[in-house]
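Down below is the structure, laid out as structure tokens.
The values are calculated or read from the model by the stated rules, or taken from the named source; none is laboratory data. Remember, it's a predicted structure, so these values are computed and weren't measured experimentally. Because the Cβ atoms are built from the backbone with ideal geometry, glycine has one as well, and the counts that use them run over all protein chains shown.
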Amino acid sequence: MAFLVTGGSGHLGEALMRTLKEAGRTAIGLDVLPGEFTDAVGSIADRRFVARSMEGVEVVLHAATLHKPHVATHEREAFVEANVKGTLILLEEARRAGVRAFVLTSTTSAFGDALKPPPGEPAAWLDESVAPVPKNIYGVSKTAAEDLCQLFWRNEGLACVVLRTSRFFPESDDDPTTRAAFADDNAKVNEFLFRRVAIEDVVEAHLLAAEQAPAIGFRRYIVSATTPFRREDCARLRVDAPSVVRERVSGWEDEYARRGWRMFASIDRVYDNALARRELGWRPKWDFAAVVKRLRETGDIRGPLAKLIGEKGYHAGLFSPDSERLRRERQT
């Protein structure tokens, strides 16, 4: 089975390419930027480039995208070009080439305003039944790409699976309040309770989706670490998250105390991955308890694959979201 991986120079694209190559699979990496695991450099919005790259391909793993941090540095048209037009061209050329499965890497950011309940309300419980309410061009472009996948399954018979992944990138948090209040690894480990996933588990979800897409047809799945929380915890998570974590998970407090770490006082959303586990047979290995155990044993929250890939960054040079925001405010 031959795979086409878009975004081969990116974080997830490299993880997919490394895993496929190590398993002896045929895989072709595409990206606008050169890289060790990019075989062809070009834009997915270039139809001729995509058509040439699609020859002999049976599965497309579409991980290329403009990301949320690019909202501050790119015009809206760039998101439409990359995330919408690029996806459309890939789908059209995949259909012409007789591709058997198309997997789109989407994002839990697509839920947008549905992620943050009003003050005084319980934490939001997010599963596939929740309708997205995009709050920026990134979310709009990703939900549009998802809808294109559904259209191509319904009208063209191309099996498409959409994976809405939660956070897996190693870069520092884009929220200055979180960066100021928590050590980087502290914040990331906290997030494994409700909004983060290990890169190894993301790769496994993609490979399972590729394998099962023809039988599924079309489906959206949330890909996030398995939460220890229950729906009935949502009200308390908003006002006293540490007490809920103590009830649901053991063995973390001593390690936190030793490192001077803290749990988030409040948690405003929880991603539920039950549908992906049930229908894809996905078994994510790295939940909060497992990551704390690895931290205790190795001193590192990252697995071998994450260490190999390292940080990619989102911008060609140094960039501060805070300074960009202030610059734009001065211009208006």
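Summary of computed values
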{"quantity": "Residue match in the range 115-123 (condition: touching a Leu at 6+ places or on another chain (Cβ under 9 Å), modelled with pLDDT of 95 or more and either under 16 Å from residue 217 (Cα atoms) or buried (at least 19 other Cβ atoms within 10 Å of the Cβ) (or both))", "calculated": "yes"}
{"quantity": "Residue among 295, 280 that alone is surrounded by 14 or more Cβ atoms within 10 Å (Cβ to Cβ), farther than 20 Å from residue 205 by Cα and touching a helix residue (DSSP H, G or I) at 6+ places or on another chain (Cβ under 9 Å)", "calculated": "295"}
{"quantity": "Test: residue in the range 81-97 that is more than 18 Å from the chain's Cα centre (by Cα) and closer than 25 Å to residue 274 by Cα", "calculated": "no"}
{"quantity": "The range 12-37 residues that are in a helix (DSSP H, G or I), paired with ones that are among the hydrophobic types (A, V, I, L, M, F, W, C) and surrounded by fewer than 17 Cβ atoms within 10 Å (Cβ to Cβ) (beta carbon under 9 Å, 6 or more apart)", "calculated": "14/308; 15/308; 18/308"}
{"quantity": "Failed condition for residue 218, given (1) more than 21 Å from residue 282 (Cβ to Cβ); (2) among the aromatic types (Phe, Trp, Tyr); (3) touching a residue at least 60 places away in the same chain (Cβ under 8 Å)", "calculated": "(1)"}
{"quantity": "Of the criteria (1) surrounded by fewer than 21 Cβ atoms within 10 Å (Cβ to Cβ); (2) within 21 Å of residue 73 (Cβ to Cβ); (3) not polar (S, T, N, Q), which one residue 138 fails", "calculated": "(1)"}
{"quantity": "Candidates 73, 65, filtered to the one that is crowded, with 20+ Cβ neighbours inside 10 Å and of a type outside the set (A, V, I, L, M)", "calculated": "65"}
{"quantity": "Scan of the range 186-215 for residues that are part of a helix (DSSP H, G or I) and out of contact with any helix residue (DSSP H, G or I) (no Cβ under 7 Å at 6 or more places or on another chain), ordered by number", "calculated": "186, 188, 190, 191, 201, 204, 207, 210, 211, 213, 214, 215"}
{"quantity": "Tally, over the range 82-128, of residues that are of a type in the set (Lys, Arg), without any contact (Cβ under 8 Å) to a residue 60 or more places away in the chain and out of contact with any helix residue (DSSP H, G or I) (no Cβ under 9 Å at 6 or more places or on another chain)", "calculated": "1"}
{"quantity": "Residue among 326, 295, 305 that alone is modelled with pLDDT under 95 and out of contact with any strand residue (DSSP E or B) (no Cβ under 7 Å at 6 or more places or on another chain)", "calculated": "326"}
{"quantity": "Residue 238 under 24 Å from residue 131 (Cα atoms), surrounded by 16 or more Cβ atoms within 10 Å (Cβ to Cβ) and either touching a Gly at 6+ places or on another chain (Cβ under 8 Å) or not hydrophobic (A, V, I, L, M, F, W, C) (or both)", "calculated": "yes"}
{"quantity": "Residues satisfying the stated conditions in the range 232-250, i.e. under 20 Å from residue 182 (Cβ atoms) and free of Cβ contacts under 8 Å to residues at least 60 places away in the same chain", "calculated": "239, 240, 241, 242, 243, 244, 245, 246, 249"}
